[in-house]
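Reviewing the structure listed below.
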Amino acid sequence: MKSALRSLIDESVTIIREVAAEFERPAMLFSGGKDSVVMLHLAVRAFSPSRVPFPVMHIDTGHNFAEVIEFRDRTVRALDVQLIVGSVQASIDAGRMQDATGPRASRNPLQTVTLLDSIKEHKFDAVFGGARRDEERARAKERVYSHRDAFGQWDPKTQRPELWGIYNGRHKPGEHFRIFPISNWTELDIWQFVADYNIDLPSIYYAHRREVFRRDNMWMAVSPFMKPEEGETVSEELVRFRTVGDATCTAAIESSATTIEQVIAETSVARITERGATRADDRISEAGMEDRKKLGYF
Amino acid sequence: MERLHFATVGSVDDGKSTLIGRLLYDSKSIFEDQLEHIEAVSKRRGDDYVDLSLLTDGLRAEREQGITIDVAYRYFATPKRSFIIADCPGHIQYTRNMITGASNADLAIVLVDARTGVVEQTRRHSLLVSLLGVPHLVICVNKMDLVDYDVDVFNKIRDEFESFASRLDLRDVTFLPISALAGDNVVSRSANMPWFEGSTLLHHLENVYTASDDNRIDTRFPVQYVIRPQRADTPDYRGYAGRVAGGVLRVGDDIMVLPSGLTSTITGIDSPDGPMTQAEPGQAVTILLADDLSITRGDMLCRPNNRPRASQELEAMLCWMDDAAPLQLDKIYTVKHTTKLARGKVSNVLYRLDISNLHRETEIKELKFNEIGRVTLHTTSPLFFDDYHQNRTTGSFILVDESSGQTAAAGMLLSPRS
Ligand SMILES: Nc1nc2c(ncn2[C@@H]2O[C@H](COP(=O)(O)OP(=O)(O)OP(=O)(O)O)[C@@H](O)[C@H]2O)c(=O)[nH]1
Ligand SMILES: [Mg+2]
């Protein structure tokens, strides 16, 4: 009998190899978040004992959890892959855009400019992303091979048909594809893989004590980029992160899960989705993600 | 745990998205924030009840128009099985998105509105599901609440469907009377239809027998990628990576490489889990051989005494999916078949299928958007293939328009008619 996790791995590995075979210059987005970590480990397994035949790229907002950057550098060294960093700060310094300002400023949307500039600079024609369809309703609609026009835009109304396991990556110069090899994985599948394959993750995925304050019904971590406003009080709580993104828009959840097994137990009874529990950026509007994706976001 | 991939199909507004919403809701697979979100949207629009179709109809344009435009994928699990759902659009304009969602399905749920019965789109989708070789079918006669849960309505639609479907190649068909809106026979048995003795939809999905659906006989391994590490610690490693398209490969097996016809023996099988002794259909592995042969992407490994067909002149059923340009005879398209790229042209449309009565129309010179026909295809190099009914991987291909880049057609290879 086919195990569900094994058939997900087979599908993802096949997609990663297909892209390596068909595109001139692929790159894999790597943020240090659990999905991109799992995706990178799948890439390592897809080409073993060869090295992964493409670089990984981190779009760095400069607003990071310190543990994650340390983890990122340690991981690319351990897995022997080349790291490219696209810096939002550098894009701001170069006048490509203005920094987000105001008390609740987040650089999350600014990443799109840096991402598209980096894709152009390195002439990447395929960029792997670790998005999962179970995360969000616009992502639930996206193809594995997702075409981007010369402006990096996604058009949900003209997606190409995608049948069987045959993918069509044909594109004009200047266009590119986003590739989502773990489209069909759920949050629980990710954790099952982490458990079965003993995958190292940033420590903030496990319960720890941290200074936080309450905002929009979520626990936000105190950091140099994230300070409480008037009336928001700081306390130390036992928390962990379910997703890891830009520190200004990723919230922690109350949790005492310190081991993978405890996290799996917690995830299997969760009553709130991962993004619903942790992402300030998705609360903007009914179609926040769709709108950002149309402009070229991850 | 085993995984079942199913798709919901059928005409526009017959209740596909609502059914998925109901299935997720009643099996407690909806998260609180998702429910709060669709409750808020329903309320804002002034609906009388929570519109469960909003769970999958997530795009702006879909919510504006109240229809599904593109396939949405959803995931849930019960203690028995895990499921991938593809909620397909019913509108004819988005048929290619429906094909996208159904092409990989193990099972299709065809929804029929109890008030209207079998309509043209029901027939079109059933035909496509049959051509795509989806092994299991469930016909859900939906909106039974609007016909007083009348057994006669159900029986009449079943007869109607059966008389149409007798001309299709459908192997396993089950009929269910349901109400997606009210939940009858979706997860729990309906008190409104005591006359129905079959199982609920969820029970059926959990128990449908799929183990014999894979082709485990005819060994087919399209080579996808050659792994040849340039590293000091593995100087002689040369592996052929790919996904098993059929049969079982074992260490020690004799194999033949196509097109060269050279033979060798499997000395090792590597996988994402490390070395294995055998590889099954669907598994992504790397094959190691005893001899140093010249093998590249697009080649195929098989058993010397069980080879696929090889030809440059093929017959196929073609579903035309490009809304910008119809099929032109003798125009050159890119053919993508397994891991192989070729170029090809259609020299002849043998017939086009009239969807409403399955009549074969001849003397046809083109296929337009959403039309289905049997064609002769010539390729620049031989394809190694099986009849689609024997193997959904080696029997399928797509045509790509070389100027627009569009995926213009989906093709299913068939044995030439004698
Ligand atoms: N009374 C009643 N109405 C239903 C039932 N199922 C669906 N509906 C209604 O039928 C309408 C269409 O439902 P959808 O689920 O959007 O239909 P669909 O098949 O997904 O439509 P497309 O995806 O656009 O092809 C909605 O107004 C539903 O509330 C049912 O069992 N009973
Ligand atoms: Mg729908």
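The values are calculated or read from the model by the stated rules, or taken from the named source; none is laboratory data. Given the structure is predicted, the values throughout are model-derived calculations rather than measurements. In this analysis, Cβ positions are derived from the backbone assuming ideal geometry, glycine residues included, and neighbour counts consider all displayed protein chains. In case anyone asks, the SASA skips ligands and DNA or RNA and just uses the protein heavy atoms, side chains included. Shrake-Rupley method; radii C 1.70, N 1.55, O 1.52, S 1.80 Å.
List of remarks:
- Cβ-Cβ under 6 Å pairs, at least 6 apart or on other chains, the stretch B:246-257 side outside the structural domain of B:T394 (by TED's automatic domain parsing), far side acidic (D, E): B:G246/B:D218; B:G247/B:D218; B:V248/B:E280; B:V257/B:D299
- Residue satisfying all of: in the stretch B:122-180; open to solvent by 20 Å² or more (accessible area, probe 1.4 Å) and under 21 Å from B:D26 (Cα atoms); farthest from ligand 2 (Cβ to nearest atom) among these: B:Y149
- For B:A310: the one exception among (1) among the aliphatic types (A, V, I, L, M); (2) within 9 Å of another protein chain (Cβ to nearest Cβ); (3) open to solvent by 20 Å² or more (accessible area, probe 1.4 Å): (2)
- Failed item in (1) without any contact (Cβ under 8 Å) to a residue 60 or more places away in the chain; (2) out of contact with any helix residue (DSSP H, G or I) (no Cβ under 6 Å at 6 or more places or on another chain); (3) in a helix (DSSP H, G or I), with A:T14 passing the rest: (1)
- Counting the residues of the stretch A:185-213 that are within 13 Å of another protein chain (Cβ to nearest Cβ), of a type in the set (S, T, N, Q) and in a helix (DSSP H, G or I) gives 1.
- Those residues of the stretch A:164-192 which are in contact (Cβ under 8 Å) with a residue 24 or more places away in the chain, among the aromatic types (F, W, Y) and out of contact with any Phe, Trp or Tyr (no Cβ under 6 Å at 6 or more places or on another chain), in sequence order: A:F180, A:W185, A:W191
- Count of residues meeting criterion [in contact (Cβ under 8 Å) with a residue 12 or more places away in the chain, open to solvent by 10 Å² or more (accessible area, probe 1.4 Å) and more than 10 Å from ligand 1 (Cβ to nearest atom)] in the stretch B:57-70: 1
- Hits in the stretch B:71-92 (condition: within 10 Å of ligand 2 (Cβ to nearest atom), surrounded by fewer than 21 Cβ atoms within 10 Å (Cβ to Cβ) and under 10 Å from B:I20 (Cβ atoms)): none
- Of all residues in the stretch A:22-60, those being assigned to a strand (DSSP E or B) and within 13 Å of another protein chain (Cβ to nearest Cβ) number 1.
Okay, residues lined up against (1) open to solvent by 10 Å² or more (accessible area, probe 1.4 Å); (2) touching a residue at least 24 places away in the same chain (Cβ under 8 Å):
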site: A:A90; (1), (2): yes, yes
site: A:R96; (1), (2): yes, no
site: A:E135; (1), (2): yes, yes
site: A:A138; (1), (2): no, yes
site: A:Q159; (1), (2): yes, no
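- A:F65 more than 19 Å from B:G274 (Cα to Cα), open to solvent by less than 20 Å² (accessible area, probe 1.4 Å), within 13 Å of chain B (Cβ to nearest Cβ) and in contact with a helix residue (DSSP H, G or I) (Cβ under 8 Å, 6 or more places away or on another chain): no
- If you go through the stretch B:402-418 and keep only what is within 11 Å of another protein chain (Cβ to nearest Cβ) and crowded, with 19+ Cβ neighbours inside 10 Å, you end up with B:Q406, B:T407, B:A408, B:A409, B:A410, B:G411, B:M412.
- Any hit, the stretch B:29-51, residues being out of contact with any strand residue (DSSP E or B) (no Cβ under 9 Å at 6 or more places or on another chain), within 12 Å of ligand 2 (Cβ to nearest atom), at pLDDT below 90 and within 24 Å of A:D291 (Cα to Cα): yes
- Condition check for B:D26: away from ligand 2 (no atom under 16 Å from the Cβ), closer than 29 Å to B:K80 by Cβ, surrounded by fewer than 18 Cβ atoms within 10 Å (Cβ to Cβ) and more than 14 Å from chain A (Cβ to nearest Cβ): yes
- Within the stretch B:351-386, considering residues that are crowded, with 16+ Cβ neighbours inside 10 Å and part of a loop (DSSP other than H, G, I, E, B), the one modelled with the lowest pLDDT: B:I355
- Looking across the stretch B:133-160, the residues that are within 13 Å of ligand 1 (Cβ to nearest atom), without any contact (Cβ under 8 Å) to a residue 40 or more places away in the chain and either touching a strand residue (DSSP E or B) at 6+ places or on another chain (Cβ under 7 Å) or charged (D, E, K, R) (or both) come down to B:V141, B:D148.
- Residue under evaluation B:S17, criteria (1) within 9 Å of ligand 1 (Cβ to nearest atom); (2) at pLDDT below 85, criterion not met: (2)
- In the stretch B:161-181, the residues that are at pLDDT below 95 form Cβ pairs under 6 Å with partners that are assigned to a helix (DSSP H, G or I) and more than 16 Å from ligand 1 (Cβ to nearest atom), at six or more places apart or across chains, as follows: B:L168/B:S130; B:D169/B:S130; B:L170/B:S130.
- Qualifying residue in the stretch A:250-264 (condition: surrounded by 15 or more Cβ atoms within 10 Å (Cβ to Cβ) and more than 30 Å from B:P79 (Cα to Cα)): yes
- Of all residues making up the stretch A:92-114, the number that are assigned to a helix (DSSP H, G or I), out of contact with any Lys or Arg (no Cβ under 6 Å at 6 or more places or on another chain) and more than 15 Å from A:T250 (Cα to Cα): 5
- Among residues that are outside any strand (DSSP E or B), touching a residue at least 24 places away in the same chain (Cβ under 8 Å), touching a strand residue (DSSP E or B) at 6+ places or on another chain (Cβ under 8 Å) and not aromatic (F, W, Y), B:G282 is included.
- Put simply, of B:R45, B:R60, B:R96 the only residue that is under 18 Å from the mean Cα position of the chain (by Cα), charged (D, E, K, R) and over 18 Å from B:V138 (Cβ atoms) is B:R96.
- Residues (of a type outside the set (K, R), facing another protein chain (nearest Cβ under 9 Å) and under 23 Å from B:Q406 (Cβ atoms)) located in the stretch B:60-96: B:A61, B:E62, B:I69, B:D70, B:V71, B:A72, B:Y73
- Only one of B:L262, B:L258, B:L301, B:L289 that is open to solvent by 40 Å² or more (accessible area, probe 1.4 Å) and not charged (D, E, K, R): B:L262
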